[in-house]
1. I'd like the full set of residues that are assigned to a loop (DSSP other than H, G, I, E, B) and surrounded by fewer than 22 Cβ atoms within 10 Å (Cβ to Cβ), limited to the range C:188-219.
2. Specify the residue that is surrounded by the most Cβ atoms within 10 Å (Cβ to Cβ); the eligible residues are those in the range D:14-26 that are out of contact with any Ser or Thr (no Cβ under 9 Å at 6 or more places or on another chain) and under 12 Å from D:LEU92 (Cα atoms).
3. Would the range D:227-237 turn up any residue that is assigned to a helix (DSSP H, G or I) and modelled with pLDDT under 85?
4. For the list (1) at pLDDT 85 or above; (2) over 29 Å from D:ILE242 (Cα atoms), I need the number of the one condition that A:SER205 fails.
5. What do you reckon, is C:LEU41 surrounded by fewer than 16 Cβ atoms within 10 Å (Cβ to Cβ) and closer than 22 Å to C:LEU81 by Cα?
6. Go through (1) modelled with pLDDT of 80 or more; (2) in contact with a Phe, Trp or Tyr (Cβ under 7 Å, 6 or more places away or on another chain); (3) within 27 Å of C:GLY192 (Cβ to Cβ) for D:LYS72 and report which single condition fails.
7. Pick out the one residue from C:VAL211, C:VAL245 that is under 27 Å from the mean Cα position of the chain (by Cα) and at pLDDT 85 or above.
8. List the residue pairs whose Cβ atoms are under 8 Å apart, where the first residue sits in the range C:12-29 and is modelled with pLDDT under 80 and of a type in the set (Asp, Glu), the second is surrounded by fewer than 16 Cβ atoms within 10 Å (Cβ to Cβ) and not in a helix (DSSP H, G or I), and the two are 6 or more positions apart or on different chains.
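The values are calculated or read from the model by the stated rules, or taken from the named source; none is laboratory data. Since we're looking at a predicted model, the values are computed, not measured. Using ideal geometry, Cβ is built from the backbone for each residue, glycine included, and neighbour counts are taken over all protein chains shown.
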Protein chains: 4
Amino acid sequence: MNRLTALLKDKERLHNIVSNDDTPMGKAFDLTVMSAIVVSLLLAFVESSLHVDEFTMDDLMSKSLTKVGWLKLGLTVLEYLLTLFFTVEYVLRVYCEPRRKDYYLSFFGIVDFLATFPQLLSIFVPQLKYLAIMRSFRLIRIFRVLKLFTFINEGYLLLESIKRSMNKLIVYFLFITVLVVVLGTLMFMVEGGYPGTSFRSIPDSIYWAIVTLTTVGYGDITPITVAGRVISSMIMILGYTIIAVPTGIVSATMIDETKKKGKNGRCPRCNQKTDLNANYCKNCGERL
Amino acid sequence: MNRLTALLKDKERLHNIVSNDDTPMGKAFDLTVMSAIVVSLLLAFVESSLHVDEFTMDDLMSKSLTKVGWLKLGLTVLEYLLTLFFTVEYVLRVYCEPRRKDYYLSFFGIVDFLATFPQLLSIFVPQLKYLAIMRSFRLIRIFRVLKLFTFINEGYLLLESIKRSMNKLIVYFLFITVLVVVLGTLMFMVEGGYPGTSFRSIPDSIYWAIVTLTTVGYGDITPITVAGRVISSMIMILGYTIIAVPTGIVSATMIDETKKKGKNGRCPRCNQKTDLNANYCKNCGERL
Amino acid sequence: MNRLTALLKDKERLHNIVSNDDTPMGKAFDLTVMSAIVVSLLLAFVESSLHVDEFTMDDLMSKSLTKVGWLKLGLTVLEYLLTLFFTVEYVLRVYCEPRRKDYYLSFFGIVDFLATFPQLLSIFVPQLKYLAIMRSFRLIRIFRVLKLFTFINEGYLLLESIKRSMNKLIVYFLFITVLVVVLGTLMFMVEGGYPGTSFRSIPDSIYWAIVTLTTVGYGDITPITVAGRVISSMIMILGYTIIAVPTGIVSATMIDETKKKGKNGRCPRCNQKTDLNANYCKNCGERL
Amino acid sequence: MNRLTALLKDKERLHNIVSNDDTPMGKAFDLTVMSAIVVSLLLAFVESSLHVDEFTMDDLMSKSLTKVGWLKLGLTVLEYLLTLFFTVEYVLRVYCEPRRKDYYLSFFGIVDFLATFPQLLSIFVPQLKYLAIMRSFRLIRIFRVLKLFTFINEGYLLLESIKRSMNKLIVYFLFITVLVVVLGTLMFMVEGGYPGTSFRSIPDSIYWAIVTLTTVGYGDITPITVAGRVISSMIMILGYTIIAVPTGIVSATMIDETKKKGKNGRCPRCNQKTDLNANYCKNCGERL
């Protein structure tokens, strides 16, 4: 107990354990967190598969527990323990963080918060149970545990490519929205009145248009009239070209980015490292 | 009433309200139009979902109205009001437009007309009810209300890319048409006679070929014989490459366009703004 | 009759009608051929949709014709007439062609032959009925009737792109073949023994692997076990990247081709027309 | 028998037969191996289609064989013979290989081993029957029999492109994993409680998210509530862009690789052959 108190007082040592994996203690801590994340996900999988509700006070008050009751109790206790664990971990992380304010607003600071507190809250306010979905955010933390920072750098390149294409993509999505509403309405008029049709309303038909244009094609709604099949054939073929556009946009930007940064962020002429936003190599003046 | 008459006489002030959103009145007008568009779309969704016909004179003549009758009456009245609103808006827009002739043939002039008059017409000529689909065009007007002109500029770039690829795309579509007819006929011969087949005619088989080649794959028509499965497997794998072609075409053109215009329509060497159709930078002579 | 004989003797005038559309007669001839192609296709569509066999001698011998019998007679007579028409057209085309040998082996010479003779043959040898599929080739002739030669030039560019990527594509297809056999066998082992499975044999599972990898996804065969779903999820995500490869190959080649030829087959520097296989502009020496 | 013994002693001659196809004997050997591979695959297809278990000792002990029993016996004997053949071939190949150690660890050395020994092992240890999947690896050997080495060179280029994009792809896959877990959980919460839903658990919903994001779209799990359809529509449209990313990555790298190597691995300026890893042409100094 004394050693724990001592540890809690020595913020630097604590920080080394919680956020650094060079020490054996740090590695053990990382392993524990990762295991807890995996267990918490498996727990959610099992709970949803078994269709058991959470264990409530009513169950506890009932005199004898059935087999399912015991299972529910076990799952609920495990979940409470995990929530406690993640809460303690979050508090520790904040406590020993030297630049606390930067951490709150950093990417992982927000992820840690969203992955922890909503569930803690839902224990006290059962109505907020739907917040349990935040649990999925814990997965993102695996990026940190695996120290995937170099990969995250690559991710920034991807993100930058998508950001730079954003204007084009927004117009494109607005265009797609208008298009699917027009096509959906058209198909509802062609197929809607036919007996046995699956185009039962305009929203249904719009959903069909999206499923078709994106080439997902579930087959839950399909045209059965000749006119409907002719129109959807045209939609598919023309749509294939339309839907090829975002691929073109992202490819074009990505090729541009890749060229700009050179191979591995180095100048293609003198092979010196280049700054991320540089337009010219600072060593030889080559246009990047 | 006098103020309305005065407003109607002051074309310039009216134009400021109808087509300009710098004034509070203009903003309020834009908001009203946008709400009307959204309400008109929701109305179409509800009508199609409830499978209620439009309220007719016969309904009005019947002595007592059922619940559904009242709903029909409400929806019909709302629709008439919206049609009236859009008609008045269109008339106002034309009335106060200084360059009226340019407006008629401008992109939004045509969209406004198509989104308004067909429905007005269908009130007097019920046989033209199928024109109601034109209602979907109102969505396009959201682009204007949201002042998405800069986005529309991006859209022009996309459109230009598609236009420049047009020749290639037309040959491609003709080729695809011939291909699906040949493949559809082939599959009908292989699968057609088999009991329990879903390849019931050549047009059905052509529809299947399109659904398969575009990788939509509804699953409403699927091969069940060994020969049919072998042939469709080959169609899928080979077709995947064929269908990759439009992506390639659009990507190639888009990369070309992007390169030509430089980053953000600026010269890649001197960073000066370039004209849209310029082949050389007018500042430094760099080939764009 | 005399005028017809005179026309048949004047090969040059006949050639003008059959292969040239500058004269009114040539235009009328083109229109007739195109109508015949469309009618012949519609005929095939109707026949396959009605599930009526061809009219045979037995039907003719039976004393009274039923309604379906008359329809069959009509369709069969129309088909014989069309076959006759296309045969006469082909003979005329050969007869008045000045460079007859070049025509036989030209692209359209072969298409004309395949679209005409197999069906003529199948009249005399009913066992060859499956040759009727050749009828679909008639569609290709629409390219000629529409004088789509400039488009066909574009098509050659596409074809060249595909040809130049051929080596890469062949390795790719062999790789895909091996991959789907391995994945199909794996899935059969995982899903095969499960009651209610749709993976009933290894060939079925290979067919499933192809349907999944190409993202067609009919849904006629789907995994139902947990292990099967985990494996197919991995197949889909990894497969998406693998299947992205031909798009990459074709795009890369097409971008290369486009760059080489310059905009519209012109030199990017001096805007002079370039030869199809030129590596340098013959006017200014720019590397293409 | 003496000739066989002599042949076995003459390692060089044996090597010429087994690994060289310039001699008539070598060609015959290649043909035999290839036939054996095809027969072994067809055997697996037939066995899986007929749902017959392997012939066991119990069957042999039973006094009279049924028709199916004879078939089982035939298939089993044929399989044992093929396993024997491939084992002998492998032993021969190792025996006459001059650089035996290099062979063990070469690509084809490993493929040969995996395609042969697991099945031999499964004869003696029936529990290892699932190893039979290794049989599929035999297909890879067709690459060698067809002497597709030049194609394999092309394959190396593809592989290099994929390798160079690896870092980006790994981040991408991690991102997709997190995304499908979040989306799957979300959809389970929206659709899960609805009667007649096919979203029966979170793992099921994650499987659905993968099937949808990759645009495979089997249709075995589809949303039926309005909220579910709205969310999945958004997933499809946004997902289409996300899933376009690997295509962009692979395309960008492939275009880069193609440009670097020049046309056919030649310098784009002086047309001399370039080394595979060269950054500059060794003839004219052009940057590749």
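1. Answer for the range C:188-219, where residues must be assigned to a loop (DSSP other than H, G, I, E, B) and surrounded by fewer than 22 Cβ atoms within 10 Å (Cβ to Cβ): C:GLY192, C:GLY193, C:TYR194, C:PRO195, C:GLY196, C:THR197, C:SER198, C:ARG200, C:SER201.
2. Among residues in the range D:14-26 that are out of contact with any Ser or Thr (no Cβ under 9 Å at 6 or more places or on another chain) and under 12 Å from D:LEU92 (Cα atoms), the one surrounded by the most Cβ atoms within 10 Å (Cβ to Cβ) is D:VAL18.
3. yes
4. (2)
5. So C:LEU41 does not fit the description; no.
6. With respect to (1) modelled with pLDDT of 80 or more; (2) in contact with a Phe, Trp or Tyr (Cβ under 7 Å, 6 or more places away or on another chain); (3) within 27 Å of C:GLY192 (Cβ to Cβ), D:LYS72 is out only on (1).
7. Step by step, each of C:VAL211, C:VAL245 is checked, and only C:VAL211 is under 27 Å from the mean Cα position of the chain (by Cα) and at pLDDT 85 or above.
8. Within 8 Å, the pairs are C:ASP21/C:LYS147.
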